[in-house]
Amino acid sequence: MRIAVHVTPRSARDEVAGWRGGELFVRVRAVPEDGKANTAVCTAVAKALGVPKSAVDVIRGGASRHKQVEVEGVTDADVVRVFGRPPEGSG
């Protein structure tokens, strides 16, 4: 399962804050250096979905706020159950 993600590094807390357009909005405390923010994004998404951290990987946008993550072992229905549906017309 691939999910488009918009990341805000250096936030007050690590959290998945819902949909922002067609992207899942994720805030992380980590700084965007040496892959620290990417690791924090993977951890936050994995925790929210109840999968191991190793099941989530940034596959595009490693140096950007706009990323695409791949999550193994989840379906569209799992994503909707946890995060809700993206807004209409956003995908």
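In plain terms, the C-alpha convex hull of the chain casts an average shadow of 5.2 nm² when viewed from every direction. Counting only alpha carbon atoms, the long axis of helix 36-49 and the longest principal axis of the chain meet at about 30°. One chain, two ends: Ala48 and Ala63. Fully extended at 0.36 nm per residue, the span grows by 3.1 nm beyond their Cα-Cα distance. Relative contact order for the range 2-83: 29 percent, from Cα pairs under 8 Å spaced at least 6 residues apart, divided by residue count.
Every number in this text was worked out from the coordinates using simple rules, so none of it is lab data. Values in this document were obtained by computation on a predicted structure and should not be read as measured data.
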